[in-house]
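*Asks:* Shown below is the structure under consideration.
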Amino acid sequence: MNQYPEQIKILIEKFSRWPGLGPKSAERTVFYLLKQNKQSLDEIINNITKLKNDIKICDQCFNISTNNPCPICQDQKRDNSTICVVAEPQDVLVFEKTDEYRGVYHVLGGLIMPAQNITPDQLKIKELLERIKDNQTKEIILATNPDLEGETTAMYITELLKNNPVKITRLAKGLPIGSTIEYADEITLSSALKGRQQVK
Ligand SMILES: [Zn+2]
């Protein structure tokens, strides 16, 4: 046998496209699955199916939830006049853990990355502009990472809104340059939120 059977080859090829998995770790993953018994494999498959069937994307803020609209958008006690703009749904969870923020969110679904062909029209930027059209929004917090893509995206949105009366702020103190919000601890993020600076 000078190569793996097709069933294995296909899975290695699929897994190697996953974030953080190269061909070698994809191969290890497939052989790990091969060692599992039928019951635990079925469990994994069922949970993956549930992921697609049960998890919905909120059509107001584009966060993930089992409900649409999500519980944050449905919560009457949240301040709808402040929108915290984040790149990914994982970032919402980190902000929620700070227990500091009472506004709502807007999940862009990524950041502008020309090198990877991720252009503004692929992100939920149009939807953000649409959302603030009713003039209920007083502040937009651009909570993207303080790295190249995060800054580019924040600058792009600020430029789009330059003639809009909405106040725009950017997370400040606490977040080291090049760091990611996903891995920031609650205290750091909480201080970054409090120390946010007006950019427009
Ligand atoms: Zn929502």
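The values are calculated or read from the model by the stated rules, or taken from the named source; none is laboratory data. Owing to the predicted nature of the structure, the values given are computational and were not obtained by experimental measurement. Virtual Cβ from ideal backbone geometry, glycine too; neighbours counted across all protein chains shown.
*Asks:* Quick check on my filter: what residues within the range 87-102 are of a type in the set (Val, Ile, Thr) and more than 12 Å from the ligand (Cβ to nearest atom)?
*Replies:* Val94, Thr98
*Asks:* Also: Residues in the range 141-159: is at least one closer than 19 Å to Gln60 by Cβ, part of a loop (DSSP other than H, G, I, E, B) and within 14 Å of the ligand (Cβ to nearest atom)?
*Replies:* Within the range 141-159, none of the residues are closer than 19 Å to Gln60 by Cβ, part of a loop (DSSP other than H, G, I, E, B) and within 14 Å of the ligand (Cβ to nearest atom).
*Asks:* Let me ask you something else. Here is a check on your reading of the model: is Leu111 in contact with a helix residue (DSSP H, G or I) (Cβ under 6 Å, 6 or more places away or on another chain) and away from the ligand (no atom under 12 Å from the Cβ)?
*Replies:* yes
*Asks:* Now for a different question. Looking at the structure I just gave you, is Thr98 in contact (Cβ under 8 Å) with a residue 60 or more places away in the chain, closer than 16 Å to Ile141 by Cβ and surrounded by fewer than 22 Cβ atoms within 10 Å (Cβ to Cβ)?
*Replies:* Considered against the rule, which asks whether it is in contact (Cβ under 8 Å) with a residue 60 or more places away in the chain, closer than 16 Å to Ile141 by Cβ and surrounded by fewer than 22 Cβ atoms within 10 Å (Cβ to Cβ), Thr98 comes out as yes.
*Asks:* Contact list please: Cβ distance under 8 Å, first residue in the range 111-124 and assigned to a loop (DSSP other than H, G, I, E, B), second residue hydroxyl-bearing (Ser, Thr, Tyr), pairs at least six apart or on different chains.
*Replies:* Leu111/Thr144; Leu111/Thr152; Leu111/Thr153; Ile112/Thr119; Ile112/Thr152; Ile112/Thr153; Ile112/Tyr156; Leu123/Thr153
*Asks:* A further question on this structure: Thr49 - would you say it is in a helix (DSSP H, G or I), away from the ligand (no atom under 16 Å from the Cβ) and among the β-branched types (Val, Ile, Thr)?
*Replies:* yes
*Asks:* Additional query: Considering each residue of the range 58-85, count those that are in a loop (DSSP other than H, G, I, E, B) and either of a type outside the set (Asp, Glu) or more than 9 Å from the ligand (Cβ to nearest atom) (or both), and give that number.
*Replies:* 14
*Asks:* So which residues in the range 65-84 are in contact with a helix residue (DSSP H, G or I) (Cβ under 8 Å, 6 or more places away or on another chain) and either free of Cβ contacts under 8 Å to residues at least 40 places away in the same chain or farther than 25 Å from Ser190 by Cα (or both), if there are any at all?
*Replies:* Result: Ser65, Thr66, Asn67, Ile72, Arg78.
*Asks:* Out of all the residues in the range 90-105, which are of a type outside the set (Phe, Trp, Tyr) and touching a strand residue (DSSP E or B) at 6+ places or on another chain (Cβ under 7 Å)?
*Replies:* Selection gives Val92, Arg102, Gly103, Val104.
*Asks:* Considering only residues of the range 179-200 that are within 17 Å of the chain's Cα centre (by Cα) and part of a loop (DSSP other than H, G, I, E, B), which is modelled with the lowest pLDDT?
*Replies:* Top of the filtered list is Ser179.
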